[in-house]
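Scroll down for the structure; my scribbles are underneath it.
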Amino acid sequence: MTIQDAGTARPAGRPRSEKAEKAILEATLDLIGEGMGISELSIEAIAARAGVGKTTIYRRWSNKEDLVVDALATLKAPVPPLAGESVRDDLVTLLDQMRDESGHVRTKCVMNIALSESDRYPHLFEKFRKIAIEPRRAAMRQVLERGMESGELRSTLEIELAMAILTGTMVWFTKWGDTADRGPELAEGIVDQVLAGIAP
């Protein structure tokens, strides 16, 4: 093989690498979704399900916790684009994404099983919070701060409490409530009800 041949052959390995990484992440989620707790989960089991060698996994992740964090993070969509024209509309967009994600049975199952071990793996869930949860909280915080500056919300609003009320209510409905007959209107209803209490 010439130097030129070697140079042209290198890019061909990248799609295979990305394919292996996706298979590893999917295998991790599949095993958790089938009821395997994080403590039971092993690199060997993940490798067997993904059809790769253990060394392929260890080249990408130094330990099981980091792999699980990245796998769980794939279940969370990026923060949706916000128009920035109305506090109400932006809050509805953020909450509706929460509602939409809760409709995926696999996602709900995986997250329920994984989060049940949060006390046992605090480092794992702290990393997950920073990667997947905090960007969403930051987006909502910015929306509320903007509303306080524009006068859409009262200047004395306790932002952390308002965020807890908004997201906590959506979590309650999607986890324990009946959302079947509410659909997309659920996010609007929550936001409108909360704004009625915190608007000037």
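For Met111, indicate whether it is under 18 Å from Pro78 (Cα atoms) and surrounded by 15 or more Cβ atoms within 10 Å (Cβ to Cβ). It is true that Met111 is under 18 Å from Pro78 (Cα atoms) and surrounded by 15 or more Cβ atoms within 10 Å (Cβ to Cβ). Checking each residue in the range 121-147 for being open to solvent by 40 Å² or more (accessible area, probe 1.4 Å), over 15 Å from Leu72 (Cβ atoms) and out of contact with any helix residue (DSSP H, G or I) (no Cβ under 8 Å at 6 or more places or on another chain) picks out only Gln142. Here Gly51 meets the list (1) without any contact (Cβ under 8 Å) to a residue 24 or more places away in the chain; (2) farther than 23 Å from Met170 by Cβ; (3) surrounded by fewer than 14 Cβ atoms within 10 Å (Cβ to Cβ) almost entirely, failing just condition (1).
Under the condition of being within 15 Å of Ile113 (Cβ to Cβ) and either free of Cβ contacts under 8 Å to residues at least 40 places away in the same chain or open to solvent by 20 Å² or more (accessible area, probe 1.4 Å) (or both), the residues counted in the range 66-83 number 1. Taking the range 52-108 and the helices (runs of 4 or more DSSP H) fully enclosed by it, the elements with 2 or more residues that are over 20 Å from Val194 (Cβ atoms) and at pLDDT 90 or above are at 54-58, 64-73.
Pairing residues of the range 100-112 that are touching a residue at least 24 places away in the same chain (Cβ under 8 Å) with residues that are among the charged types (D, E, K, R) and open to solvent by less than 80 Å² (accessible area, probe 1.4 Å), at Cβ distances under 7 Å and at least 6 apart in sequence or on separate chains, gives Thr107/Glu101. Considering the range 148-159, and only residues there that are over 19 Å from Asp89 (Cα atoms) and out of contact with any helix residue (DSSP H, G or I) (no Cβ under 7 Å at 6 or more places or on another chain), the residue that is surrounded by the most Cβ atoms within 10 Å (Cβ to Cβ) turns out to be Glu158. Scanning the range 22-44 for residues that are open to solvent by less than 30 Å² (accessible area, probe 1.4 Å), assigned to a helix (DSSP H, G or I) and of a type in the set (A, V, I, L, M, F, W, C), which turns out nearest to Ile113 (Cα to Cα)? The selected residue is Ile32. Checked against (1) touching a helix residue (DSSP H, G or I) at 6+ places or on another chain (Cβ under 7 Å); (2) touching a residue at least 40 places away in the same chain (Cβ under 8 Å), Lys175 passes all but a single condition, namely (1).
The values are calculated or read from the model by the stated rules, or taken from the named source; none is laboratory data. Keep in mind that this is a model prediction, so the values were computed, not measured. Reconstructed Cβ throughout: ideal geometry from the backbone, glycine too, with neighbour counts over all protein chains shown. Note: accessible area is taken over every heavy atom of the protein model, side chains too, but ligands, DNA and RNA are not part of it. Shrake-Rupley method; radii C 1.70, N 1.55, O 1.52, S 1.80 Å.
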